[in-house]
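Notes follow once the structure below has been shown.
Please treat every number below as a calculation from the coordinates, not as lab data. Just so it is clear, the structure is predicted and the values come from calculations on it, not from any experiment. Positions of Cβ are generated from backbone atoms using ideal geometry, with glycine treated the same way; all protein chains shown enter the neighbour counts.
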Amino acid sequence: MESYCTKRSEEPMTIPDSKRQRTSSYSSNEEMAASDVDMAEVDDSKCEDLEKGIIGALNSPKNIKELEEKKILVIGAGGLGCEILKNLALTGFKQLHVIDMDTIDLSNLNRQFLFRQKDIGKSKANVAASFVMSRVPGVDVVPYFGKIQDKDEEYYKQFDIIICGLDSVEARRWINAKLIEMFDPEDQSTWKVLVDGGTEGFKGQARVIIPTMSSCYECSLELFNKPTTFPICTIANTPRLPEHCIEWASVLEWPRVWGDKKYDTDNPEDINWMYQQAAGRAQKFNITGVTYSLTQGVVKNIIPAIASTNAVIAASCCNEAYKLATFIAPYLNNYMMYTGNSGIYTYTFELEKKPACPVCGSESSTVELDPNMTVSELIEWLAEKPDAQLKRPSLRTATTSIYMQAPKVLEEATRPNLTKIISELVQEGEFITVTDAALPVSLQLCIKWKA
Ligand SMILES: [Zn+2]
């Protein structure tokens with residue numbers, strides 16, 4: 001809240017003029033347009049209000065009314081979601097909705113403070129909603145126990161601001177694309193701001209996505225979700241870290257010993273087997289630090305959740321929601337990173353729109369492919385390509401279905417194409433449309449052959 005009265009300071013919120021986006025088309029409402037300009041440019045009366053003190057401005061009947069009238073959707077009622085719901089309710093928002101498809105687990109209770117032991121097994125959304133309503137009189141929280149994909153445009157249209165506290169990239173991609181697809185420039189009511197928070201151990205980020213105006217989640221997909229992977233040759237030949245030994249046990253030893261049998265990351269016997277193998281290998285290479293819980297962490301790809309990181313990021317998201325709802329101060333433009341794992345550091349910068357973004361861009365993207373690659377190699381490439389990350393893509397051109405994941409009949413009919421080389425099916429300059437059932441995104445790839 002400090003930034004309300006630090007007009008001339010060099011807080012991270014202050015963005016160099018050269019980086020500011022024009023916001024004149026933000027809305028016809030003058031107050032909205034003022035929200036992203038330097039505080040010095042805001043009309044004087046508002047500035048005076050702010051300088052008189054935060055309390056006066058926060059308690060103004062206008063702001064209180066804004067909070068009461070704005071309808072906010074919180075996606076996710078986990079570590080971030082609990083914090084976000086609590087903050088919004090205590091800030092004075094009255095109309096909250098929350099979606100979460102998960103149920104409460106014992107391991108959530110150390111940080112998801114809206115839940116108690118007796119709630120284990122129940123819906124996070126339902127329990128969180130009742131808890132907040134019982135503690136904060138006058139606030140209405142409507143829960144939905146299910147997936148965001150169950151809801152349609154009509155549902156999302158009712159909200160003013162949507163805040164995500166999710167741990168899933170897929171869900172973020174889905175809601176981002178949905179809100180941008182919904183936006184109709186002729187109809188202001190379709191214009192929804194997305195505030196997205198994310199944490200990973202001691203690190204976190206908060207961002208504001210204004211449909212079609214600012215960079216969207218998909219524009220910068222390659223920046224995120226880089227899973228920690230180790231080169232297979234290191235794992236196989238020159239391990240140096242306990243993680244290398246665990247990866248060796250799960251990636252190489254497991255299939256060698258158990259063949260096609262998949263391990264179950266929730267089965268303690270399977271984890272224990274891998275732990276024993278990894279410990280043996282670590283001993284051979286004089287590596288220390290292989291433990292059962294590290295094995296579990298590496299195999300399940302778990303990064304410990306830290307309650308205070310959630311609190312920092314949720315606070316930032318809720319401050320943005322507050323500013324976006326009341327236009328009392330400039331909102332985040334458009335990305336704030338918080339790093340607590342080596343000292344403490346925050347930085348704010350503007351992620352740029354990508355002209356060839358499959359969701360908000362208008363240009364198609366040209367890709368250079370090896371004309372001799374097979375269709376199945378192209379599919380693998382799309383899964384690994386940092387700005388695509390499509391796990392089950394279907395591919396077609398204007399005239400041909402190259403490979404379709406569904407329906408079954410089409411999958412069977414196109415399956416023989418998997419082993420064909422791509423240049424047999426597509427010509428240079430042609431477009432391949434790539435879709436993935438899990439995401440409302442389609443990529444248009446203009447094909448160019450590598451020389
Ligand atoms: Zn985009």
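A single member of Asn272, Asn267, Asn286 is at positive phi and of a type outside the set (A, V, I, L, M, F, W, C), and it is Asn286.
In region 243-285, the qualifying residues are those that are under 24 Å from Ile303 (Cβ atoms) and β-branched (Val, Ile, Thr), and the one that is surrounded by the fewest Cβ atoms within 10 Å (Cβ to Cβ) is Thr265. Anything in region 368-393 that is touching a Ser or Thr at 6+ places or on another chain (Cβ under 9 Å) and within 16 Å of the ligand (Cβ to nearest atom)? List them, or say none. Result: Asp387, Leu390.
Identify, please: which residue in region 84-109 is of a type in the set (Ser, Thr, Tyr) and not in a strand (DSSP E or B) and is, among those, farthest from Cys318 (Cα to Cα)? Show your work before the answer.
First pass over region 84-109, keeping only residues of a type in the set (Ser, Thr, Tyr): 91, 103, 107.
Still in the list and also not in a strand (DSSP E or B): 91, 107.
Details: Thr91: 9, Ser107: 25 Å.
By that ranking, first place goes to Ser107.
Condition check for Ser220 on (1) in a helix (DSSP H, G or I); (2) hydroxyl-bearing (Ser, Thr, Tyr); (3) away from the ligand (no atom under 16 Å from the Cβ): one failure, at (3). Scanning region 134-170 for residues that are surrounded by fewer than 17 Cβ atoms within 10 Å (Cβ to Cβ) and assigned to a helix (DSSP H, G or I) turns up Ser134, Arg135, Gln149, Asp150, Glu153, Glu154, Tyr155, Lys157, Val169, Glu170. Here is a list of conditions, (1) surrounded by 16 or more Cβ atoms within 10 Å (Cβ to Cβ); (2) over 20 Å from the mean Cα position of the chain (by Cα), and Lys408 meets all of them except one; can you say which number that is? Condition (1) is where Lys408 drops out. Inspect all residues belonging to region 347-367 and state whether any of them is more than 27 Å from Lys192 (Cα to Cα) and more than 16 Å from the ligand (Cβ to nearest atom). Scanning region 347-367 turns up at least one residue that is more than 27 Å from Lys192 (Cα to Cα) and more than 16 Å from the ligand (Cβ to nearest atom).
Restricted to region 183-217, and to residues that are of a type in the set (Gly, Ala, Ser) and touching a Ser or Thr at 6+ places or on another chain (Cβ under 6 Å), which residue is farthest from the ligand (Cβ to nearest atom)? Walk me through how you get there before you give the answer.
Taking region 183-217 first, the residues of a type in the set (Gly, Ala, Ser) are 189, 197-198, 201, 204, 206, 214-215.
Filter once more, keeping what is touching a Ser or Thr at 6+ places or on another chain (Cβ under 6 Å): 204, 206.
Values: Gly204: 22, Ala206: 18 Å.
Out of the qualifying residues, it is Gly204.
Among the residues of region 324-341, how many are outside any loop (DSSP other than H, G, I, E, B) and out of contact with any strand residue (DSSP E or B) (no Cβ under 9 Å at 6 or more places or on another chain)? Of the residues in region 324-341, 1 are outside any loop (DSSP other than H, G, I, E, B) and out of contact with any strand residue (DSSP E or B) (no Cβ under 9 Å at 6 or more places or on another chain). In region 319-350, the qualifying residues are those that are under 19 Å from the mean Cα position of the chain (by Cα) and of a type in the set (A, V, I, L, M), and the one that is farthest from Ala57 (Cα to Cα) is Met337.
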